[in-house]
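The values are calculated or read from the model by the stated rules, or taken from the named source; none is laboratory data. It should be emphasised that the depicted structure is a prediction, and the values quoted were computed from it without experimental measurement.
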Amino acid sequence: MSRGGITVTAILLAILVATIWWAWQGWTAHADVQMSIHGYIALGLGVFFSLLIGFGLMALTFYSSRRGYDDLPQAKDKPEPPVGEDQATRNIS
């Protein structure tokens, strides 16, 4: 692994450790707070609908990519019929 790869890996691991530490601090700082049944229902519904929207948008992304909706637009010209000798003489006269 090159020096740049090691640096990027170290930075990403440091960010991961900092994120885990921050989440742990947030989780344990509010350990004594009581949540009612309505809070748990709201939390569950929020997680459910967030996941539903996320899965739906990812499904639409894959669907549009496979169907070609994400491709660059291309002109669809009608091919001209081959010009034969009799057509060339008809166009001149």
With criteria (1) of a type outside the set (D, E, K, R); (2) within 21 Å of the chain's Cα centre (by Cα); (3) modelled with pLDDT of 95 or more, ALA18 comes up short on (2)
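Between VAL33, VAL8, VAL17, which is among the β-branched types (Val, Ile, Thr) and not in a helix (DSSP H, G or I)? Walk me through how you get there before you give the answer.
Numbers: VAL8 fails: not in a helix (DSSP H, G or I); VAL17 fails: not in a helix (DSSP H, G or I).
Answer to the check: VAL33.
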